[in-house]
Amino acid sequence: MRACFLSPGYPAEMPDFTRGLAECGAQVIGVGEGPAQAQPQKVREALSAWIQVPRLFDEDALVAQVVAELRRIGGVDCVEACWEPLVLAAARIREALGVPGMSVDTVRGFRDKQLMKDRVAAAGLRVPRAERVCTEAETRAAAARIGFPLILKPLAGAGSADTYRVDSEADLSRVLRLMGHVREASCEEFIDGDEFTYDTVCVGGVPVYENVAWYLPRPLVARTEHWISPFIVTLRDLGVPAIRPGVELGRGVLQALKMGNGFTHMEWYRKSDGEVVFGEIGCRPGGARLVDQMNFTGDIDLYKTWAQAVLGLPAQVSNSRRYHCGIVFKRAWGEGRIQQLAGLDALLARHRGWILDETLLRPGTPRRDWKATLVSDGYVLFRHPDWDAVRAIARDVQEKVRLVAG
Ligand SMILES: Nc1ncnc2c1ncn2[C@@H]1O[C@H](COP(=O)(O)OP(=O)(O)OP(=O)(O)O)[C@@H](O)[C@H]1O
Ligand SMILES: [Mg+2]
């Protein structure tokens, strides 16, 4: 079995997907910038061959080079990418080589937010009312039809960049000035409510593994307010009435978009009246340690399950969930270098056995741009079988651990 994997060393989770492929017996052909020797050790250990490309994001050149090199070595059994900006390139390579997997058209349904919503709505599922807009006049006309509050966001956005809630005409004028550089945007009905993920590993569009995580608070709020330490928690019980309808919506979305094999990461909203609404979906895993949170929730190895799914092997995974697994991202006070990290030792002592990992920046390290990175100035990862206990740990990380820069 030969598997071609795009960008096996970056972002942070990719080396484990590479390992998963190798552990399932695949010869892994990695594709990336720079020499294979510069890859993380875990990747080097798992690689059988390496295709060095000048630029991963020059999609036409990437596809042409990888197709030519894979042809030269006699083809492969699968071509995969788990990083959002490369999923279309992987599909183009598959199509050019006649390798099984999701087509370019199918993957586009997971990349283009308007097409995605159109396809999901066509299956009779609830999506926010939305219009694709390119000019100021189009935006104003769409806003008049949709009404305030509304959301204006780029069609190919990520990380809540250039995403704004708009409450009035005056607000719209202000936001339009900020969005001048965005070519194509989505003007949407604002959905008020709680926000969750629905994550799966699928075989032929049917989930062999499912997960739901709760964003506290909603990503747009977390990305707007510096003082917040965002908390994301995987839920131990997916069968509760508040969550079940979101899982059913998610399954419907996978059908509507003709999901094939691999990871999906969807976001959905639950309004206060209980109605569930589709947000967006990618045919790749969530980032910022979400895969590890899922692994810790059930003591499983989804890197390997994913590899089994894309290699066409029986995908074996337990769906029994034992813990709520939380992560809290911290933001330092002040600018410049971290001067002080307080409260960590006490936290570790108080919650001994439940803290799984922490990457809080140590004094002397320059602090990160909290708008540009989800991990901010480091995080604490933890789990607990009890809901109140996991909330209490989160609160302690938020309130009692302090990072000060200066
Ligand atoms: N129609 C909507 N109603 C309410 N909130 C919305 C809506 N669309 C987007 N948001 C808010 O903006 C955030 C970012 O939007 P979205 O997820 O579509 O874009 P994104 O930039 O791909 O996000 P990310 O990469 O952070 O997941 C959402 O998580 C949600 O909090
Ligand atoms: Mg999103």
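All Cα-Cα separations within region 146-261 were binned at 10 Å from zero, giving a P(r) of 12, 32, 34, 19, 3, each value a whole percent of the pairs.
Arranged from highest to lowest average of other beta-carbon atoms within 10 Å per residue, in what order do the peptides 13-23, 135-145 appear? Kindly include the intermediate steps, with their values, before the conclusion.
Details: 13-23: 23.2, 135-145: 14.5.
Highest mean packing first, the order is 13-23, 135-145.
Put simply, the C-alpha atoms of the chain give a gyration tensor, and the ellipsoid matching it has half-axes of 32, 29, 23 Å, longest first.
In terms of other Cβ atoms within 10 Å, Met179, Met1, Met102 run from fewest to most in the order Met1, Met179, Met102.
Taking every DSSP helix (H) stretch of at least 4 residues in the chain, weighting each as -39,500 (n - 2.57) and dividing the sum by the residue count yields a mean residue ellipticity at 222 nm of -10000 deg cm²/dmol.
Measuring between their Cα centroids, region 379-398 and region 100-172 lie 34 Å from each other.
Throughout, read-outs are computed from the coordinates displayed, never taken from laboratory work. All of these numbers come straight from a predicted model, not from anything done at the bench. Every residue, glycine among them, receives a Cβ derived from its backbone with ideal geometry; neighbour counts consider all protein chains shown.
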